[in-house]
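The structure under discussion appears below in the form of structure tokens.
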Amino acid sequence: MGAARIFVIDDDRDSADMLAALLSERLSGRDVAVFYDASSALGAIVSSAPDAIVSDLTMPGMGAATSSLLELGRGVCRANCF
């Protein structure tokens, strides 16, 4: 079994990068991927089911994509989806 995968999704690049760095540092051995919009994260969620998703739920202009992200995450995420 490979390293646990954590997806960080946030349109605020500074926040996303800071959280990803913190998770990588504190949870060594985990694979942390960063996405800056829900649309780009959707394909990655389908192709490689993450163990956890940490996402901004109020990204501008992403109403439908954010809803799709949440529904898809619930069905695909292997462990904990936030």
Residues (farther than 12 Å from residue 59 by Cβ and touching a helix residue (DSSP H, G or I) at 6+ places or on another chain (Cβ under 8 Å)) located in the range 1-44: 6, 7, 8, 30, 32, 33, 34, 42
message: Condition check: modelled with pLDDT under 75 and not in a loop (DSSP other than H, G, I, E, B). Does residue 69 satisfy that?
response: yes
- prompt: Within the range 36-51, restricting attention to residues that are surrounded by 13 or more Cβ atoms within 10 Å (Cβ to Cβ) and part of a helix (DSSP H, G or I), which residue is modelled with the highest pLDDT?
  reply: 44
- prompt: Does any residue in the range 21-44 that is among the acidic types (Asp, Glu) come within less than 6 Å, Cβ to Cβ, of a residue that is surrounded by fewer than 14 Cβ atoms within 10 Å (Cβ to Cβ) and outside any helix (DSSP H, G or I) six or more places away or on a different chain, and which pairs are these?
  reply: 31/3
field: Positions within the range 2-35 being acidic (Asp, Glu) and surrounded by 18 or more Cβ atoms within 10 Å (Cβ to Cβ), in sequence order
entry: 10
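The values are calculated or read from the model by the stated rules, or taken from the named source; none is laboratory data. Predicted model only: the values in this text are computed from it and were never measured. All Cβ positions, even for glycine, are placed from backbone atoms using ideal geometry, and neighbour counts span all protein chains on display.
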